[in-house]
Structures are given as C-alpha cells and as structure tokens.
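The structure appears right after this line, and notes come after that.
The values are calculated or read from the model by the stated rules, or taken from the named source; none is laboratory data. Because the structure is a prediction, the values reported are computed rather than measured. FYI the Cβ positions are ideal-geometry reconstructions off the backbone, even for glycines, and counts take in every protein chain you see.
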Amino acid sequence: MKKSNRMIAMTVFSGVLLLFLSLFFSLSIGAYTVPFSDLWGGLTGTSSTEAAEVIRTLRLPRALVAILIGAGLAVAGAIMQAMTNNPLASPQIFGVNAGGSLLVVIAVVLFPDFSPSEIVYFAFIGAALGGGLVFFAASSGGGMTPVKLALAGITIHMFLTSLIQSVVIFNETSTEDVLFWLAGGVDGTNWGDVQLLLVWVGIGLLIALMFSPSFTIMSLGEEVARGLGQRIALMRIVASLIVVLLAGAAVAVAGPIGFVGLIVPHIARKLVGTDYKIVLPVCALFGGILLSVADVLSRFIAFPAESPVGIVTALIGAPFFLYLAQRGGQAS
C-alpha cells in the first residue's frame, strides 16, 4: 500500500521527535534522576560533577547501544519478513538469536579473556548456523512454506536454547552473569560496545539500504520477483549476510533481545507503506525508539535494581505475536 508523502514526512518527523524524547529520558532517569544542568554539562563536557560523569561514561553509551541494537534488529526483522514472505519472521523466532547466543556462551566459557570485539565473530557464526538450520529444516519434505518456516524456527530455537542452558549448568563459575545476559540487557555497556555496533550495524544498514528496491520486489513473493527478473539466490545470500551482521552484533553486545524484529516492521509498513527504501529507515528509527523506551521501563521493574530489557520487549512482543498468529500474520 502506497502512502502519501505527507504521511511519510509526518511519520519521520514524529519518529525523530520520539527518539530524542526517549534519549532524554534514558539519560536522565535511573537509580537517581539527573538534573537538566548536569545532563547538559555531561553531554557538552562543561561540567565535572559526579552526575555529569555518570552521563558521559554510563548512561550515554547505554542509550546509544539501545538505539543501535533496536535499529539493527528491526531492520533484520523487516528483511526476513520480505525474503520469506512470512509476517511472523524475526531473528528470535527463526533461530538467529539463539544460534548467536549459543556460540557466544561457549566462547565466554572457553575463552573468558576474549573482548566483545572478538566474541562478535562467534555471534556471527552462530547466527548463520541457527538461521541455516531453520531454513534447511523448513526446506525438506515438500518445500518451504511460511507455516513450516515458523514451526522449524520455533523448534530450532527451543533446541538451541536447551543447549545454551546445558552449557550454563555445566559451568557454574559464570552462571549468574550469563543468565542475566541471556535475558537481554544493555546495562553495563560502554563506549567500546558503541564503536563495535557502529561498525557492524552501520555496515549492515548500509548494505540493506543499497538493496532496498530488491527487498520491495521480494516482498511481493518469490514467483513475482522471479518474473520481474530478480536474482533470487543472490538476494538470499545478501539478506542472510545483512541479518547475520545486524543480529550477530546485537547478540554479542546485549544478548538475545526478542520481538523487536517482529513488532517494528509491521508498525513501519502500516505507517509508510511497503516501499523498502522508506520502510527500512523507518524500521531503524522506530526500532531504536522501542528499545530505548523498553530500557527506560526496565529500570522500574525491580527498582532500584536493574532488570534485563528483554523482559520488557517480551511483555510487549508476546501478545503481539499471538495477535499476529491469530490473524494469520496480516497485521500490516
């Protein structure tokens, strides 16, 4: 469905406004509220108070990590939905997050001194393996269908999750930290994580935008895309690369945060139509907003203690998933 330029402009303007608003709350709200003077001083470097230092070293990188991960997961979900023609597709449901998480947990256990910049490669490999297992399982026995993809994804996700739990059980020394990470969280992130995400998410988003016209065609269905001259095999490789980069980087930094890649693409298509040149940037924008807001809300669940942001996205996303499943996935 094509939307008017005015509607698209209003959506983008509102999204940018909401993004800055969520960033403001993310920086100012926490274990204690930071006054605006210290907030501004921390951002500009003109204040040396303790609150300003907290802004610079803790809250600002955390807020940027949430925005970057939300953007990456939302775009990954939109691409998966376009390529599979399955509105229930997302990195979590199709085993990508679980595959990345499994290899990250194994890497943390075997190589505890590895930095996030090294662990991210394990996440990439695991994400590719998880997604590959799902597509292999869905393709066998009569060809791939949206229903088979969803069932295979859920099955592989549960299988990989059980393997993760087995690794955690047999490695008691880091059980608490790993379990918290597995719930998905952005607390404790730093400027190194921001730099890592800027590189890998930036590359993934750039490639996604370059191929956005092809994703629009692929979203019409494989037969239509082939009839319009689209190179299906090439697009599958490109889409897989993008999803692995975006979801793998997110998992390496914050763990398996679910449902962002499921919810946001439906919202974006509802607001701006089905042209992926517009859908993908809007997904990135609203994905950042969703995870930033979820991060703020997660600070109040067990206040003053921190809760994983994955809890909030699950509370929002689980009912949405059931709603989509009930309607046959036709929310957008």
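If you go through the range 244-260 one residue at a time, do you hit one that is touching a helix residue (DSSP H, G or I) at 6+ places or on another chain (Cβ under 7 Å), among the small types (Gly, Ala, Ser), under 30 Å from residue 4 (Cβ atoms) and surrounded by 20 or more Cβ atoms within 10 Å (Cβ to Cβ)? There is no residue in the range 244-260 that is touching a helix residue (DSSP H, G or I) at 6+ places or on another chain (Cβ under 7 Å), among the small types (Gly, Ala, Ser), under 30 Å from residue 4 (Cβ atoms) and surrounded by 20 or more Cβ atoms within 10 Å (Cβ to Cβ).
Every test in (1) buried (at least 16 other Cβ atoms within 10 Å of the Cβ); (2) modelled with pLDDT of 80 or more is passed by residue 188 save one, and that test is (1). Cβ separations smaller than 7 Å between residues 6+ apart or across chains give no pair from the range 169-184 residues that are more than 21 Å from residue 294 (Cβ to Cβ) to residues that are of a type in the set (D, E, K, R) and at pLDDT below 80. In the range 101-125, of all residues being in contact with a Gly (Cβ under 8 Å, 6 or more places away or on another chain), of a type outside the set (A, V, I, L, M, F, W, C) and assigned to a helix (DSSP H, G or I), the one that is surrounded by the fewest Cβ atoms within 10 Å (Cβ to Cβ) corresponds to 117. When each of 47, 26, 14 is tested for being under 24 Å from residue 305 (Cβ atoms) and either small (Gly, Ala, Ser) or in contact with a helix residue (DSSP H, G or I) (Cβ under 6 Å, 6 or more places away or on another chain) (or both), the lone residue that passes is 26. So, residue 104, is that one farther than 17 Å from residue 191 by Cα and either out of contact with any helix residue (DSSP H, G or I) (no Cβ under 8 Å at 6 or more places or on another chain) or at pLDDT 90 or above (or both) or not? Yes: the conditions hold for residue 104. Residues considered: 268, 225. Of these, the only one that is crowded, with 20+ Cβ neighbours inside 10 Å, free of Cβ contacts under 8 Å to residues at least 24 places away in the same chain and either more than 12 Å from the chain's Cα centre (by Cα) or over 26 Å from residue 15 (Cα atoms) (or both) is 225.
Per the listing 74, 137, 128, 52, the residue uniquely buried (at least 24 other Cβ atoms within 10 Å of the Cβ), among the small types (Gly, Ala, Ser) and in a helix (DSSP H, G or I) is 74. Evaluated against (1) assigned to a helix (DSSP H, G or I); (2) in contact with a Pro (Cβ under 8 Å, 6 or more places away or on another chain); (3) not aromatic (Phe, Trp, Tyr), residue 42 falls short on exactly one condition, (2). Against the test of being of a type in the set (A, V, I, L, M, F, W, C) and farther than 21 Å from residue 107 by Cβ, the options 247, 233 yield a single qualifying residue, 233. Take the conditions (1) in a loop (DSSP other than H, G, I, E, B); (2) under 24 Å from residue 163 (Cα atoms); (3) touching a Ser or Thr at 6+ places or on another chain (Cβ under 6 Å); residue 34 misses just one of them, which is (2). Of all residues in the range 210-224, none satisfies the criterion of being at positive phi and of a type in the set (A, V, I, L, M, F, W, C). Among the conditions (1) at pLDDT below 95; (2) buried (at least 24 other Cβ atoms within 10 Å of the Cβ), residue 68 misses just one, which is (1). The numbered conditions (1) more than 24 Å from residue 270 (Cβ to Cβ); (2) among the hydrophobic types (A, V, I, L, M, F, W, C); (3) out of contact with any Leu (no Cβ under 9 Å at 6 or more places or on another chain) are all true for residue 83 except (1). The set of residues in the range 292-309 that are crowded, with 18+ Cβ neighbours inside 10 Å and more than 24 Å from residue 17 (Cα to Cα) comprises 306, 307, 308.
Among the criteria (1) touching a residue at least 40 places away in the same chain (Cβ under 8 Å); (2) assigned to a helix (DSSP H, G or I); (3) farther than 18 Å from residue 255 by Cα, the one residue 89 does not fulfil is (2).
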